[in-house]
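Down below is the structure, laid out as structure tokens.
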Amino acid sequence: MLMNEPLTNDMQSLPKALIEVSGLSKLYDQFLAVKDLSFTVRSGEVLGLVGPNGAGKTTTLRSISGIIPPTRGSISIAGHDLLTDTINAKASLAFFPDEPRLFDYLTVRQHLAFVARVYGVENYQTVAQPLLDEFEIADKADQLPGVLSRGMKQKLAIACGLLHTPKVMFFDEPLTGLDPLGIRRIKNSILQRARAGAAIVLSSHLMHLLEEVCTHVLILKRGEKLVAGSMEEVVAQFSAGESHVSLEEIFIRATGGSEH
């Protein structure tokens with residue numbers, strides 16, 4: 001296409017890129033945990049971030065959510081540069097770590113009230129109550145985290161993260177400690193937010209979860225991008241013409257079946 005030609009309707013109708021990562025590298029002393037990583041996640045897409053242990057998944061998530069600074073590279077969140085427009089970028093995202101971090105002396109309801117004040121969510125009760133109902137913790141609203149199960153703590157942390165209706169979401173092993181019903185709730189929640197236009201990155205070793213909710217896959221190994229594309233593209237690349245090849249098998253083939 002010539003540079004002065006107008007965009008086609010298909011290009012004009014592409015969903016908006018809400019996560020744009022270019023040349024991301026993270027160095028710990030002499031160890032390069034992530035090397036020159038670039039990818040984009042658009043509105044409505046769910047990117048599965050996978051790789052062997054030590055591949056750089058959590059470092060990537062922590063870097064693109066602003067928890068740790070990258071050594072090199074640029075990161076844009078909902079159109080805001082994470083390094084130069086940090087407040088607006090972070091206000092547009094939610095990061096859900098594998099271990100929920102809660103305040104020991106705030107009740108479930110007080111957690112939501114606190115988060116609402118931090119993010120300036122007015123009339124937060126109209127958003128908080130549906131979240132309590134969605135994650136089935138409304139009956140625990142006046143209890144402290146110490147009496148909650150591991151799964152309930154996880155659901156509370158997710159409810160708090162969703163309170164300000166973020167456009168971008170990062171999940172790091174979100175199903176840890178959940179029972180089957182809780183797992184279904186979280187999967188449905190992820191899909192619901194994606195359909196509403198959020199861009200989501202989901203890191204998990206549970207390949208069946210990724211198969212059910214992800215539209216795209218990014219496989220890392222030793223901090224580098226090994227494979228990236230839509231779910232259909234990645235399956236086609238490594239299926240060798242076979243039908244019904246699982247993502248777990250694709251992962252093993254792509255990484256060589258080794259963590260080293």
> Which is out of contact with any Cys (no Cβ under 8 Å at 6 or more places or on another chain), open to solvent by less than 20 Å² (accessible area, probe 1.4 Å), modelled with pLDDT of 95 or more and closer than 21 Å to Gly229 by Cβ, of Val46, Val50, Val21?
Replying inline: Val21
>> Name the residue that is nearest to the chain's Cα centre (by Cα), counting only residues in segment 103-141 that are surrounded by 14 or more Cβ atoms within 10 Å (Cβ to Cβ) and among the hydroxyl-bearing types (Ser, Thr, Tyr).
In response: Tyr119
>> If Tyr124 satisfies all but one of (1) closer than 25 Å to Ser92 by Cα; (2) at pLDDT 95 or above, what's the number of the condition it fails?
In response: (2)
> If you take the residues of segment 54-73 that are over 14 Å from the mean Cα position of the chain (by Cα) and open to solvent by less than 50 Å² (accessible area, probe 1.4 Å), which of them is nearest to Ser43 (Cα to Cα)?
Replying inline: Gly73
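So in segment 174-193, with the set limited to residues that are among the hydrophobic types (A, V, I, L, M, F, W, C) and open to solvent by less than 10 Å² (accessible area, probe 1.4 Å), which one is nearest to the chain's Cα centre (by Cα)? Full working, then the answer.
Kept after step one, since they are among the hydrophobic types (A, V, I, L, M, F, W, C), are these residues of segment 174-193: 175, 178, 181, 183, 186, 190-191.
Now narrow it down to the ones that are open to solvent by less than 10 Å² (accessible area, probe 1.4 Å): 186, 190.
Values: Ile186: 12, Ile190: 9 Å.
Result: Ile190.
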> Since Val213 meets every condition but one in (1) among the β-branched types (Val, Ile, Thr); (2) touching a Lys or Arg at 6+ places or on another chain (Cβ under 6 Å); (3) closer than 21 Å to Leu112 by Cα, which condition does it not meet?
Replying inline: (3)
>> Residue pairs, Cβ under 6 Å, 6 or more apart or interchain, first in segment 56-82 and in contact (Cβ under 8 Å) with a residue 12 or more places away in the chain, second among the basic types (Lys, Arg). List them.
In response: Thr59/Lys26; Ser63/Lys26; Gly66/Lys90; Ile68/Arg62; Pro70/Lys26; Thr71/Lys26; Ala78/Lys167
> Just for segment 210-250: of the residues that are within 25 Å of Met169 (Cβ to Cβ) and touching a Pro at 6+ places or on another chain (Cβ under 9 Å), which one is least open to solvent (accessible area, probe 1.4 Å)?
Replying inline: Leu220
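The values are calculated or read from the model by the stated rules, or taken from the named source; none is laboratory data. Bear in mind that the values here come from a model prediction, so they are computed numbers and not experimental data. Counting neighbours? That spans all protein chains shown, and the Cβs are built from the backbone with ideal geometry, glycine included. Heads up: the accessible areas ignore ligands, DNA and RNA and are worked out on the full protein's heavy atoms, side chains in. Shrake-Rupley method; radii C 1.70, N 1.55, O 1.52, S 1.80 Å.
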